[in-house]
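The values are calculated or read from the model by the stated rules, or taken from the named source; none is laboratory data. What you see is a predicted model; the values in this text were computed from it and never measured. Using ideal geometry, Cβ is built from the backbone for each residue, glycine included, and neighbour counts are taken over all protein chains shown.
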Amino acid sequence: MAKAELMPYDKAIEMFEPVLGFEVHVELNTKTKMFSDAPNFFGGEPNTNVTPVDLGLPGSLPVVNEQAVKYSISLGLALGCSIAPSSRFARKNYFYPDLAKNYQISQFDEPIAFSGSVEVELPDGRLFTVPIERAHMEEDAGKLTHVGGATGRIQGAEYSLVDYNRAGVPLVEIVTDIIYGAESDAPELAKAYVSTIRDIVVSLGISDAKMERGNLRCDANISLRPRTAPGEPPAKLGTRTETKNVNSLRSVERAIRYEIQRQAAILAKGGTITQETRHWHEDTGETSAGRPKSDADDYRYFPEPDLLPVEPSAELIEELRAALPEAPALRRRRLKADWGFTDLEFQDVVNSGLLNEIVATTAAGASAQSARKWWTGEIARVANVRGVDASSLVSPLHVSELVALVDAGTLTDRLARQVLDGVIEGEGTPDEVVASRGLAVVSDDGALIVAIDEALASQPDVLAKIRDGKVQAAGAVIGAVMKAMKGQADAARVRELVLERANA
Amino acid sequence: MSHDLTRLSASNLAEKLTSGEVSSAEATDAHLNRIEAVEPDVHAFLHVAADAARATAKAIDARRADGEKLGPLAGVPIAIKDVLCTIDMPSTAGSKILEGWVPPYDATVVKRLRAAGLVPLGKTNMDEFAMGSSTEHSAYGPTHNPWDLDRIPGGSGGGSAAAVAAFEAPLALGSDTGGSIRQPAALTGSVGMKPTYGGVSRYGAIALASSLDQVGPVSRTVLDSALLHDVIGGHDPRDSTSLRDEWPSFAAAAREGAATRSLKGLTIGIVKELQGDGFQAGVTQRFQEAVELLTAAGAEVVEVSTPSFEYAISAYYLILPAEASSNLAKFDSVRFGLRVNPVGGGTVEDVMSATREAGFGPEVKRRIILGTYALSAGYYDAYYGSAQKVRTLIQRDFARVFADVDVLVSPSAPTTAFKLGEKLDDPLAMYLNDLTTIPANLAGVPGISLPVGLAPEDGLPVGIQFMAPAREDARLYKLGATLEALLEDKWGHTLLSQAPDLAPQEMFASEEGAV
């Protein structure tokens, strides 16, 4: 594949206005498939999670999964959409071996949710409203494996295998309206948009939303149009490409940036953009041409005669609306204000993915700052070393108990880290670890005075200096006492007592 | 004896089975013998499951001997249209593309008849994917009309109707998309019922046009169809379009109709648009005589007009091919059925094309092309969209006339059975044979056909069709059984007893069974 010519990004943005549009497919985590009672579980032995319906066997008929409809309504509501009192499934007809019936049951002119918008936060904190055209229900296709070619792609393959385990997995496709005004932030906006959709479906609990597993898939449409002089009407929209196979948030950002640079280089030379799908290559950071895609593609849509219209009652819609969790963007704004975090501190928390753990820790009684410090500090460090999720190491309740012990003076930070280690090792609650490992701060003045008197007696020169008013000399005695106490003493209290005893 | 058993209606046979006078094994053997004797002439079956049928019959007899309470049709043999999926028999829908395909599941109606103890004898011939009105479009050769072997038995369910009319089975299952149960019933002198759309599950019925298809019974008496309808009907969670209604006993309705023989209080509308020009004289004559009987029995008969019916065939031949073009897309060689590899190999698209080219017959290809065209961008509104509007108008016509009458009546088909090959090269003439039956499918209302005599000019059976509002299937069984009783009172015999005996050698084989 010849390297495509790229225009420097800043120059591309100077010459052209990027216009975006996204189609995000969300796999719903229902127990069974969209139209059959096969388990909704992709993986395992090929072609085992299938029924006659998923294989499109003659005579089989689809039945709509009620839970999938409820999830779709919740998602539509979370995207600020109107919910259609009556929506219909349609058949999208095209021949492809991963499509068992050679038509996909989807929704066409009557989607379940339409006309919404979602607020997206750019890295600098600015909010951008992405308009949502629709969200509709459909079924996933099977998975093709091309064998014998060099690239694992269909070109050059000797034969292809098809696994219908994924066929019929419920999907919601979220389609944006055309997005204008992203300007130089287009790549960041793309990433933030997909990230926001992910947050929303996770907060609703309707999808596992793992991009690397294909639970969440983004097709990124982008076109460029030349800038016009102020006062002149904008140029008409350019030809778009649709980039597929974008399997991570980072790829979304990179793919958009790449396509802007590639298209700008072609357009600047007077060339034309081919309307086509583009395939994103994570390894090379490039896109390559897929199949031509024209607006005249004829899928011969018609209403699915095997299914009745979907007509959710107004009561059901209101019930689902009332059960919606707080929108992730609003929730973040509220937490940041409640906690009084700086932008940097809050961004740190968001990036760590430990927002929910910190919420739970504060709910158990810890201060937000202490919770943040422990989760993004020591716990994240241990998790990183062990290569596991921080949330799997320790519970928010135990972290809040640990914080309480430090706040009460029972533990120093250094001792608290040892207690945390014990909790992570499964030795029990922080209180139990303090007891079993004998880690509490010695707060009995009597024991400290015995140790201090011993230390002063063994260092008469130091004692003389202290008495001469050279207070800094006390450090040597304090060190000896802390050592004798095996570190389990409050150094400030030891210092007070040393000065008291020396001058007694 | 065996000859005798095949002449019994299903309900009479069931009585003898219940009383222990005959066993299911005997009844099944009798029908298998009859099949063996007449199949070379009739060719109603694509597959005969003799061993399985005998085993099923023995098992039913054993259960009965154990004192188990069995359903009213337990032990009665039945023929199943090849459009229905059967886990133990090939299910080809009359197409080469499914030759030898044995589904991994039973259609819901098949499950229900097995659960009720009926004994499947085999699968019956049909026009390929139910596209046709003569059974000549079967990829496995035509079925012959038992009344005249040179004539067609109607279609698409010619196999089921001929099997019943030739005494190869007392009962059969059919499917009716535009008349495929009713028209063959009319042309063979048997009874066929298309239930209300949604009254019987379509799960496991290989789809022709999903919004029109309906499975239903075929038999020699109205009561027998009602008994079978009681077995196969009712809600099926696997078919989203199946109704959740609680249905009355159709057999009870038929028995009541036969017992009272009175139609007082019933208003019957003769459909003006379904008579006159284009209807064979003998068909019209027998139809009018039947209507006179209905009047004599107390029915008020009026003429009603349904002007939109004029466009029914046009709308039907857009909606059906459109849905069929999509329903038949799955026959691509990837997962089941025929696979044809093009010479020199090729892509998966090449294999799909070669398979569909070789596996589909000309009528199927014609309708796939029509339907694909009708759904295409730029033509959708003019064709599929307009056809759906006509469908709505036809539904309104039905609603309007059903405000005034209880039942509609028409001849079941414009002509008696035509000769094999007569209309094969003229698809439009073939399509016109369904003009009487198509409106009921477009509106989803039930329709029944029963014999009203033989046309004087050709001595072939004529059928009458009654249609009722959706969900009023019981009304048709009651009225049908009344007319059937009145006709048999008048004739002194059943119509089918006048059909030629196709296997005279049996007269020697079974002396004690002379009728």
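Please verify whether B:Leu483 is buried (at least 18 other Cβ atoms within 10 Å of the Cβ) and among the aliphatic types (A, V, I, L, M), treating the condition exactly as stated. Here the answer is yes, as B:Leu483 does meet what is asked.
If I ask for residues that are surrounded by fewer than 24 Cβ atoms within 10 Å (Cβ to Cβ) and not hydrophobic (A, V, I, L, M, F, W, C), which ones from the range B:87-105 would you list?
B:Asp88, B:Pro90, B:Lys96, B:Glu99, B:Gly100, B:Pro104, B:Tyr105
Looking only at the range A:255-267, decide whether some residue is without any contact (Cβ under 8 Å) to a residue 12 or more places away in the chain and either of a type in the set (S, T, N, Q) or touching a Pro at 6+ places or on another chain (Cβ under 7 Å) (or both). Among the residues of the range A:255-267, not one is without any contact (Cβ under 8 Å) to a residue 12 or more places away in the chain and either of a type in the set (S, T, N, Q) or touching a Pro at 6+ places or on another chain (Cβ under 7 Å) (or both), which makes the answer no. How do the pairs read when you match residues in the range A:44-70 that are under 29 Å from A:Leu320 (Cα atoms) with residues anywhere that are acidic (Asp, Glu), using Cβ under 7 Å and keeping only pairs 6 or more apart or on different chains? Close Cβ pairs satisfying both conditions: A:Leu61/A:Asp306; A:Leu61/B:Asp239; A:Pro62/A:Asp306.
Residues that are in a strand (DSSP E or B), within 12 Å of chain A (Cβ to nearest Cβ) and not hydroxyl-bearing (Ser, Thr, Tyr) within the range B:82-109 comprise just one, B:Leu84. Tallying residues that are exposed (fewer than 13 other Cβ atoms within 10 Å of the Cβ), within 30 Å of A:Glu401 (Cα to Cα) and of a type in the set (Ser, Thr, Tyr) within the range A:431-479 yields 1. A count restricted to the range B:250-287 and to residues that are within 18 Å of B:Glu472 (Cβ to Cβ), crowded, with 16+ Cβ neighbours inside 10 Å and among the small types (Gly, Ala, Ser) stands at 5. Can you find a residue in the range A:476-494 that is in a loop (DSSP other than H, G, I, E, B), more than 27 Å from A:Val423 (Cα to Cα), touching a helix residue (DSSP H, G or I) at 6+ places or on another chain (Cβ under 9 Å) and without any contact (Cβ under 8 Å) to a residue 60 or more places away in the chain? Taking every residue of the range A:476-494 in turn, none turns out to be in a loop (DSSP other than H, G, I, E, B), more than 27 Å from A:Val423 (Cα to Cα), touching a helix residue (DSSP H, G or I) at 6+ places or on another chain (Cβ under 9 Å) and without any contact (Cβ under 8 Å) to a residue 60 or more places away in the chain.
Would you pick out the residues in the range A:435-456 that are in a helix (DSSP H, G or I) and among the small types (Gly, Ala, Ser)?
Passing the criteria: A:Ala435, A:Ser436, A:Gly446, A:Ala447, A:Ala451, A:Ala455.
Within the range B:47-61, restricting attention to residues that are more than 21 Å from the chain's Cα centre (by Cα) and within 16 Å of B:Thr124 (Cβ to Cβ), which residue is surrounded by the most Cβ atoms within 10 Å (Cβ to Cβ)? The residue in question is B:Ala53. What do you reckon, is A:Asp306 surrounded by 15 or more Cβ atoms within 10 Å (Cβ to Cβ) and not in a helix (DSSP H, G or I)? Answer is yes for this residue.
Can you spot a residue in the range B:230-253 that is in contact with a Pro (Cβ under 6 Å, 6 or more places away or on another chain), within 29 Å of B:Gly132 (Cα to Cα) and in contact (Cβ under 8 Å) with a residue 40 or more places away in the chain? No, the conditions are met nowhere in the range B:230-253. If A:Leu161 meets every condition in (1) within 14 Å of chain B (Cβ to nearest Cβ); (2) in contact (Cβ under 8 Å) with a residue 60 or more places away in the chain; (3) in a loop (DSSP other than H, G, I, E, B) apart from one, which number is that one? Evaluating A:Leu161 over (1) within 14 Å of chain B (Cβ to nearest Cβ); (2) in contact (Cβ under 8 Å) with a residue 60 or more places away in the chain; (3) in a loop (DSSP other than H, G, I, E, B) leaves (3) as the failure. Kindly provide the set of residues from the range B:363-396 that are within 11 Å of another protein chain (Cβ to nearest Cβ), over 17 Å from A:Pro305 (Cβ atoms) and out of contact with any helix residue (DSSP H, G or I) (no Cβ under 9 Å at 6 or more places or on another chain), ordered by number. Selection gives B:Ala377, B:Gly378. Scanning the range A:21-78 for residues being within 14 Å of chain B (Cβ to nearest Cβ) and of a type in the set (Asp, Glu) gives a total of 3.
Write out, first by first residue and then by second, each pair whose Cβ atoms fall under 6 Å of each other, whose residues are 6+ apart or on separate chains, and whose first residue, in the range A:440-461, is over 15 Å from A:Asn503 (Cα atoms) while the second is assigned to a helix (DSSP H, G or I). What qualifies is A:Ala440/A:Val434; A:Leu448/A:Leu497; A:Ala451/A:Val481; A:Ala451/A:Ala484. Just one of (1) under 24 Å from the mean Cα position of the chain (by Cα); (2) within 30 Å of A:Arg300 (Cβ to Cβ) trips up B:Arg335, so point out which. Here B:Arg335 clears every test but (1). Between A:Pro8, A:Pro62, A:Pro18, A:Pro58, the distinction of being surrounded by fewer than 22 Cβ atoms within 10 Å (Cβ to Cβ), of a type outside the set (A, V, I, L, M) and modelled with pLDDT of 95 or more belongs to A:Pro8 only.
Just checking, does the range A:403-410 include any residue being buried (at least 18 other Cβ atoms within 10 Å of the Cβ) and under 22 Å from A:Gln347 (Cα atoms)? Within the range A:403-410, none of the residues are buried (at least 18 other Cβ atoms within 10 Å of the Cβ) and under 22 Å from A:Gln347 (Cα atoms). With respect to being more than 10 Å from chain A (Cβ to nearest Cβ) and closer than 25 Å to B:Arg34 by Cα, B:Gly75 fits the description. Restricting attention to the range B:302-343, the residues that are at the interface with chain A (Cβ under 10 Å from one of its Cβ atoms), out of contact with any Leu (no Cβ under 7 Å at 6 or more places or on another chain) and part of a loop (DSSP other than H, G, I, E, B) total 4. For the range B:68-86, state whether one or more residues are more than 21 Å from B:Pro170 (Cα to Cα) and surrounded by fewer than 16 Cβ atoms within 10 Å (Cβ to Cβ). Yes - at least one qualifying residue is present in the range B:68-86.
A quick yes/no check of all residues on (1) farther than 28 Å from B:Thr143 by Cβ; (2) more than 14 Å from chain A (Cβ to nearest Cβ):
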{"site": "B:Gly179", "(1), (2)": "no, yes"}
{"site": "B:Ala185", "(1), (2)": "no, yes"}
{"site": "B:Gly204", "(1), (2)": "no, no"}
{"site": "B:Val218", "(1), (2)": "no, yes"}
{"site": "B:Leu228", "(1), (2)": "no, yes"}
{"site": "B:Pro237", "(1), (2)": "yes, no"}
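Scanning the range A:291-341 for residues that are touching a strand residue (DSSP E or B) at 6+ places or on another chain (Cβ under 6 Å) and away from every other protein chain (no Cβ under 14 Å) returns A:Pro292, A:Lys293, A:Ile317, A:Ala329. Please determine whether any residue of the range A:90-113 is free of Cβ contacts under 8 Å to residues at least 12 places away in the same chain, within 25 Å of A:Tyr299 (Cβ to Cβ) and either within 14 Å of chain B (Cβ to nearest Cβ) or in a loop (DSSP other than H, G, I, E, B) (or both). There is at least one residue in the range A:90-113 that is free of Cβ contacts under 8 Å to residues at least 12 places away in the same chain, within 25 Å of A:Tyr299 (Cβ to Cβ) and either within 14 Å of chain B (Cβ to nearest Cβ) or in a loop (DSSP other than H, G, I, E, B) (or both).
Being free of Cβ contacts under 8 Å to residues at least 40 places away in the same chain, away from chain A (no Cβ under 14 Å) and farther than 19 Å from A:Tyr96 by Cβ is a property that holds for B:Thr295. Condition (residue is buried (at least 24 other Cβ atoms within 10 Å of the Cβ), within 14 Å of chain A (Cβ to nearest Cβ) and at pLDDT 95 or above) applied to the range B:129-152: is it met by at least one residue? Within the range B:129-152 (the criterion being buried (at least 24 other Cβ atoms within 10 Å of the Cβ), within 14 Å of chain A (Cβ to nearest Cβ) and at pLDDT 95 or above), the answer is yes, since at least one residue qualifies. For the range B:10-46, a tally of residues being outside any helix (DSSP H, G or I) and crowded, with 21+ Cβ neighbours inside 10 Å returns 4. Any residue that is surrounded by fewer than 20 Cβ atoms within 10 Å (Cβ to Cβ) and touching an Asp or Glu at 6+ places or on another chain (Cβ under 6 Å) - is there at least one of those in the range A:390-401? Among the residues of the range A:390-401, at least one is surrounded by fewer than 20 Cβ atoms within 10 Å (Cβ to Cβ) and touching an Asp or Glu at 6+ places or on another chain (Cβ under 6 Å), which makes the answer yes.
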